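One structure is given below, encoded as C-alpha cells.
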Amino acid sequence: MKILYVEDNEDNIYMLERRLKRAGFEVVIARDGAEGVAMARTEQPALILMDMGLPVLHGTEATRQIKAAPETKHIPVIALTANAMTSDLEMAMAAGCDDYDTKPVELPRLLAKMQALAPRPTASLPD
C-alpha cells in the first residue's frame, strides 16, 4: 500500500519513513503542503499522513484542497501533529482529515488507524 507522508521535519521523516517501510508500506514524501497536494494528485496514494505545521501551505489548507478535488477527495487523511489540544483535533477534522494522531508517533496506534481507513480491495465476481 502506497502512503504519502507530508512532513517538513527531516528527523520525523527519517524515523517514520523507515518504520513504515519495514512494516511493508511504499512511502512517498512531500516536504510542504503545496507539494503534498500536488503529489496526492500524481501519486494517488492509498492514504495520506499529513503534518499540520507545514511551510508553504499549512496542513489544514492542504487537506482542504485534497478533499475538494474530485481526483483526491476519496483518499483518507490522518493528521499528525505535536499539538494535542482539543482545538487542534477539531481544526484538523474540520479541514477534512479522517483521523488524527499525535507526535511522537506510537507506531502500533498509528498502524491501527491506518488499517481502519485503508481502502478495502474489491472482490472480483466469478465469471
Reported set for the range 13-40 where residues are within 24 Å of ARG109 (Cβ to Cβ) and acidic (Asp, Glu) is GLU17, GLU26
First in the range 50-73 and in contact (Cβ under 8 Å) with a residue 12 or more places away in the chain and under 15 Å from MET39 (Cα atoms), second anywhere and in a loop (DSSP other than H, G, I, E, B) and of a type in the set (Val, Ile, Thr), Cβ under 7 Å, 6 or more apart: ILE66/THR72; ILE66/ILE75
Quickly run through the range 14-34 and pick out the residues that are crowded, with 18+ Cβ neighbours inside 10 Å, part of a helix (DSSP H, G or I) and among the hydrophobic types (A, V, I, L, M, F, W, C). LEU16, LEU20
In the list ALA62, ALA40, ALA46, which residue meets the criterion of being more than 20 Å from LEU89 (Cβ to Cβ), of a type in the set (Gly, Ala, Ser), open to solvent by less than 10 Å² (accessible area, probe 1.4 Å) and in contact with a strand residue (DSSP E or B) (Cβ under 8 Å, 6 or more places away or on another chain)? ALA40
By residue number, the members of the range 68-84 that are of a type in the set (A, V, I, L, M, F, W, C) and either open to solvent by 80 Å² or more (accessible area, probe 1.4 Å) or not in a loop (DSSP other than H, G, I, E, B) (or both) are ALA68, VAL77, ILE78, ALA79, LEU80
Mind checking whether some residue in the range 35-49 is over 13 Å from the mean Cα position of the chain (by Cα), in a loop (DSSP other than H, G, I, E, B) and more than 19 Å from ALA118 (Cα to Cα)? no
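The values are calculated or read from the model by the stated rules, or taken from the named source; none is laboratory data. This is a predicted model, so every value here is computed, not measured. Note that we place each Cβ from the backbone using ideal geometry, even for glycine, and neighbour counts take in every protein chain shown. Protein only, heavy atoms only, side chains kept; ligands, DNA and RNA dropped before computing areas. Shrake-Rupley method; radii C 1.70, N 1.55, O 1.52, S 1.80 Å.
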